[in-house]
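Reading through the structure tokens given below for one structure.
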């Protein structure tokens, strides 16, 4: 056996040995993510290819605990694929994704990732339209997600308080008994965000949350997200620059993706003045 082949074999053995066993993973999941280093999400050199097309190309991203990060970029930049990788929907070709310092998300399945505190909101709101606002929130809270079991289970006093708190937070306090299908588009978006919050996620991934909203709804959504900052880590993918400006308040970091990699990063004014960002995304 040649030295090269021996070295490759040793590297594979070392990689295999470094992977946590099922029992070790179980213990880590039980303990939950460790945020003592101040990092909520760590993405390193992630690449994803679809039939030869590189959706992500050595993507690196770090989100701090309690941070609100906006991510912008043209269509096809890899924003949705990035979220798919973080939530376990897509497996990358190479790279690392850690939740806190101990949870390797690439070793987990989608339901496990949701259970340990990673919540995701898609562009189109997905709520139970035939049920009331309160019933939707109750379903999100219950461990048993079967509709019949969840609806007939009784809330504790603490859960009741939490539900009322979320109703107020998402601007639906007066709509609790209303059928979800009768809500406006913006209200359905808020309801879905509320359903995620009922599960107390540590990290929220929000994909174009204000698409289709009125100006007033967009402004109230910005207020909602800013109120969550610090309690949760938020990653907001958005094209609405006015909304991004409201969220970043001129001081927070904005990340620009292009062709699966980070093109630029900095305050909104800085990335808007970046010649490469203007060329591929913003225009003049």
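Could you look through the stretch 92-128, keep only residues that are in contact with a strand residue (DSSP E or B) (Cβ under 9 Å, 6 or more places away or on another chain) and without any contact (Cβ under 8 Å) to a residue 40 or more places away in the chain, and pick out the one that is farthest from residue 69 (Cα to Cα)? Here the residue is 106. Given the condition in the same structural domain as residue 210 (by TED's automatic domain parsing), in a helix (DSSP H, G or I), in contact with a strand residue (DSSP E or B) (Cβ under 7 Å, 6 or more places away or on another chain) and surrounded by fewer than 22 Cβ atoms within 10 Å (Cβ to Cβ), answer yes or no: does some residue in the stretch 59-80 qualify? Yes.
Would you check if residue 182 is crowded, with 18+ Cβ neighbours inside 10 Å and at pLDDT 95 or above? I'd like the intermediate steps shown before the answer.
On the way: crowded, with 18+ Cβ neighbours inside 10 Å: no; at pLDDT 95 or above: yes.
It is false that residue 182 is crowded, with 18+ Cβ neighbours inside 10 Å and at pLDDT 95 or above.
Select from the stretch 185-200 the residues that are surrounded by fewer than 19 Cβ atoms within 10 Å (Cβ to Cβ) and closer than 24 Å to residue 86 by Cβ and list them in ascending order. If you could, list the steps in order and put the result at the bottom.
Let us first name the residues in the stretch 185-200 that are surrounded by fewer than 19 Cβ atoms within 10 Å (Cβ to Cβ), namely 185, 199-200.
Hits for the stretch 185-200 are 199, 200.
Checking 142, 124 one by one, the residue that is modelled with pLDDT under 90 and loosely packed, with under 14 Cβ neighbours inside 10 Å is 124 and no other. Put simply, of 85, 97 the only residue that is surrounded by 21 or more Cβ atoms within 10 Å (Cβ to Cβ) and not in a helix (DSSP H, G or I) is 97.
The values are calculated or read from the model by the stated rules, or taken from the named source; none is laboratory data. These numbers were taken from a predicted model, which means no experiment stands behind them. Heads up, the Cβs are rebuilt from the backbone with ideal geometry, glycines too, and the neighbour counts pull from every protein chain shown.
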